[in-house]
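Just below is one structure, and these are the notes that go with it.
No lab work stands behind these numbers, since they all come straight from the coordinates. Just so we're clear, the structure is a prediction, and the values are computed from it rather than from any experiment. Glycine gets a Cβ as well: all are built from the backbone with ideal geometry, and neighbour counts include every protein chain shown.
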Amino acid sequence: MNGGQLSDLLASSGPVLFYLVVWGLVFAGTALYVGVVIPFLTGDSLLFAAGIIAATASNHISIWVLAIGVGVAAFASDQLGFWMGRRLGKPVLARRGGPWVRAAVARTERFYELFGWWSVVIGRYIPWGRVFIPTIAGISRMSYARFATANLVGALAWGVSITVIGYFAASQPQVRVAAYIIAGVVIAISIVAGVRAWRLDRAGKANQGDRMLADS
């Protein structure tokens, strides 16, 4: 192999390696619960940064190959999480261990109870949601058809939108401000959804406590 061939090989394998790393991290975030430990390397920050890299790199990274691949990886990881929950039940989450993880699982269970189908879609934008909701949906015996449709909408909306927003934020000066605004809105929606779930959870617990006092 001469120098030119080696250069061509590196030029062609560089983008492929980049795609595989990004897609692998997205998949591992839910399927292998890596998002519990390093949510910033498997979530929104990863996608936004990957989009920026695709816009600024000189090695011909395709934003559409990258973004659609992210959506597919997110969809596949949620599918695995769902089937693990369906087949293995609660023990698959009990083995995660640690008080923070147990609290996150309890929070996610409440979020799922409150929002049902929408929890799978919205959960993609919430760190603890995208890790645990697919498994909890499986444990809760959500019908596969309902889960699959919510999974498809959430995975593609999250994976494609945030990656493409990062790309335009770096590559198109005329839409850069709009891209950052959209990214801010997406993040704000995820925060609002999380806060709303937390407040409803608190209200539910307070009402439960009042009923217990009234019954005693």
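Determine which residues of the range 142-173 fall in the zone a paramagnetic label at Ala55 would reach in this model, i.e. backbone nitrogen under 16 Å from the point 7 Å along Cα→Cβ.
Under cut-off, by backbone N: 160-173.
How much net charge surrounds Asn151 when only the other residues with a Cβ under 15 Å from the Cβ of Asn151 are counted, with Lys and Arg +1 and Asp and Glu -1?
Details: positive: Arg86, Arg124, Arg130, Arg146; negative: Asp78.
Once all neighbours under 15 Å are counted, the net charge is +3.
Using a cut-off of under 16 Å, list every residue of the range 129-155 whose amide N is near the label point 7 Å from the Cα of Leu80 along the Cα-to-beta-carbon line.
130-136
Could you give the length gained on full extension between Ala106 and Arg87, defined as 0.36 nm per residue of separation minus the Cα-Cα distance, in nm?
Details: separation 19, 0.36 × 19 = 6.84 nm, distance 1.98 nm.
Extending this stretch completely gives an extra 4.9 nm.
HN-Hα J couplings of the range 106-115 from phi, Karplus 6.51/-1.76/1.60, θ = phi - 60°, integer Hz, Gly and Pro as x?
With coefficients 6.51, -1.76 and 1.60, one gets 4, 4, 5, 4, 5, 4, 5, 4, 6, 10 Hz.
Can you check what the net charge comes to around Asp78, using other residues whose Cβ is under 9 Å from the Cβ of Asp78 (Lys, Arg +1; Asp, Glu -1)? Present the calculation step by step, with values, prior to reporting the outcome.
Numbers: positive: Arg124, Arg130; negative: none.
That works out to +2.
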